[in-house]
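Structure, as structure tokens:
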Amino acid sequence: MRRALVAGNWKMNGTTESIQQLLDGLVTGCQAGNSEVLVCPPSIYLAQVASRLATTDITWGAQNVSQHASGAYTGEVSPAMLVDLGCQYVIVGHSERRALYAESDVLVAEKFSAALAAGVKPILCVGETLEEREQGATLDVIQRQLQAVVSYAGIADFADAVVAYEPVWAIGTGKTATAEQAQEVHQAIRAQLAEADSGIAAGCRIVYGGSVNAGNAAELFAKPDVDGGLVGGASLKANEFITICQAAGEEQTV
Ligand code: 13P
């Protein structure tokens, strides 16, 4: 049984005040349910989030991490610092970091391993651009991005990792992959993991991201290989995010 995960990626949004309001809304509205609920604020607000959520069932994580353990890396945040602030998860390889900060498959793999070595679970994002989809290259792109991490880290590391399928063309665009499109890719991801280890593949959560909202979440989460969501814009609104979490809680994946 895979427990569904709904993660809010707040990206570079929020102030001390707006985050406090959002957290208050989430704490009030989130019932301890079947799904795991996670928020990923900007790192500078992690201490605030940790303090507000410490006695709740909601967990928190980061949006990025350094591949290095410590030292002269101005502006970076180490895996151990995330552990220090109680982070259970960190997003690695988000398409915005791949595209805007030139993060390569190898760098993403290094971050994935560094996070796990410190005790933080990576949420590995993979996804194709619109151009790649139109060329029919979707599954090739996903396979390359995933294989880079499997080869570098080893399949055993996926026992404590999450994979997020985030088609680039669906991020922040209001265009969602259909439930069928998502299922096709999620199934391919699981099959690829299964080639290395079927037990780990069966247990690994694969979540969908890309314009998930209160209206489309239930249909997406109903697919057998969609184990929850990585939610951007809709995670900034407490009520909408709670509705998405409820949709995941009702969908027990097997
Ligand atoms: P949106 O939900 O805003 O499309 O963002 C998705 C995303 O990038 C989550 O990591």
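The values are calculated or read from the model by the stated rules, or taken from the named source; none is laboratory data. Keep in mind it's a predicted model, so treat the numbers as computed, not measured. Every residue, glycine as well, gets a Cβ built from its backbone with ideal geometry; the counts of neighbours run over all protein chains shown.
Kindly indicate the residue of region 68-99 that is closer than 17 Å to Gln145 by Cα and out of contact with any strand residue (DSSP E or B) (no Cβ under 7 Å at 6 or more places or on another chain) and also nearest to the ligand (Cβ to nearest atom) among those meeting that condition.
Quick first cut of region 68-99, residues closer than 17 Å to Gln145 by Cα only: 91-99.
From the residues that got through so far, the ones that are out of contact with any strand residue (DSSP E or B) (no Cβ under 7 Å at 6 or more places or on another chain) too are 96-99.
Details: Glu96: 7, Arg97: 10, Arg98: 12, Ala99: 11 Å.
Ranking the candidates gives Glu96 first.
Considering each residue of region 40-83, count those that are assigned to a helix (DSSP H, G or I) and either of a type in the set (Asp, Glu) or exposed (fewer than 14 other Cβ atoms within 10 Å of the Cβ) (or both), and give that number. Quick ask: steps written out before the conclusion?
Start the filter on region 40-83 by keeping residues that are assigned to a helix (DSSP H, G or I), which leaves 43-53, 79-83.
Pick out the ones that are also either of a type in the set (Asp, Glu) or exposed (fewer than 14 other Cβ atoms within 10 Å of the Cβ) (or both) and you get 44, 47, 51.
Of the residues in that region, 3 qualify.
Could you list, in sequence order, all residues of region 129-151 that are closer than 20 Å to Lys111 by Cα and either surrounded by fewer than 22 Cβ atoms within 10 Å (Cβ to Cβ) or hydrophobic (A, V, I, L, M, F, W, C) (or both)?
Val141, Ile142, Gln143, Arg144, Leu146, Gln147, Ala148, Val149, Val150, Ser151
Is it the case that Gln246 is touching a residue at least 60 places away in the same chain (Cβ under 8 Å), buried (at least 17 other Cβ atoms within 10 Å of the Cβ) and more than 16 Å from the ligand (Cβ to nearest atom)?
The answer is yes for Gln246.
Does Val185 meet the test of being within 18 Å of the chain's Cα centre (by Cα), in a loop (DSSP other than H, G, I, E, B) and within 16 Å of the ligand (Cβ to nearest atom)? Quick ask: steps written out before the conclusion?
Details: within 18 Å of the chain's Cα centre (by Cα): yes; in a loop (DSSP other than H, G, I, E, B): no; within 16 Å of the ligand (Cβ to nearest atom): yes.
Spelling it out, it is not the case that Val185 is within 18 Å of the chain's Cα centre (by Cα), in a loop (DSSP other than H, G, I, E, B) and within 16 Å of the ligand (Cβ to nearest atom).
Which residue out of Val207, Val212, Val226 is within 14 Å of the ligand (Cβ to nearest atom), buried (at least 17 other Cβ atoms within 10 Å of the Cβ), assigned to a loop (DSSP other than H, G, I, E, B) and of a type in the set (A, V, I, L, M, F, W, C)?
On inspection, the qualifying residue turns out to be Val212.
Take the residues in region 161-182 that are part of a loop (DSSP other than H, G, I, E, B) and either under 16 Å from Ile142 (Cβ atoms) or touching a Pro at 6+ places or on another chain (Cβ under 6 Å) (or both); name whichever of them is farthest from the ligand (Cβ to nearest atom).
Ala161
Identify all residues within region 1-48 that are of a type in the set (S, T, N, Q), under 19 Å from the mean Cα position of the chain (by Cα) and at pLDDT 95 or above; write none if there are none.
Asn9, Asn13, Ser43
May I ask you to verify whether Ser51 is more than 15 Å from the ligand (Cβ to nearest atom), at pLDDT 95 or above and closer than 18 Å to Cys125 by Cβ?
On the way: more than 15 Å from the ligand (Cβ to nearest atom): yes; at pLDDT 95 or above: yes; closer than 18 Å to Cys125 by Cβ: no.
Against the criterion (more than 15 Å from the ligand (Cβ to nearest atom), at pLDDT 95 or above and closer than 18 Å to Cys125 by Cβ), Ser51 does not qualify.
Just to check your reading of the model, which residue among Ala99, Ala114, Ala109, Ala156 is part of a helix (DSSP H, G or I), among the hydrophobic types (A, V, I, L, M, F, W, C) and over 18 Å from the mean Cα position of the chain (by Cα)? Reasoning before the result, please.
Working: Ala99 fails: over 18 Å from the mean Cα position of the chain (by Cα); Ala114 fails: over 18 Å from the mean Cα position of the chain (by Cα); Ala109 fails: over 18 Å from the mean Cα position of the chain (by Cα).
Result: Ala156 is the single residue among Ala99, Ala114, Ala109, Ala156 that is part of a helix (DSSP H, G or I), among the hydrophobic types (A, V, I, L, M, F, W, C) and over 18 Å from the mean Cα position of the chain (by Cα).
Looking at region 111-128, can you tell me whether even one residue there is surrounded by fewer than 20 Cβ atoms within 10 Å (Cβ to Cβ), among the hydrophobic types (A, V, I, L, M, F, W, C) and farther than 25 Å from Thr138 by Cβ?
yes
Check off (1) of a type in the set (A, V, I, L, M); (2) more than 14 Å from the ligand (Cβ to nearest atom); (3) farther than 21 Å from Gln31 by Cβ for Ala218 and give me the number that stays unchecked.
Of everything listed in (1) of a type in the set (A, V, I, L, M); (2) more than 14 Å from the ligand (Cβ to nearest atom); (3) farther than 21 Å from Gln31 by Cβ, Ala218 misses just condition (3).
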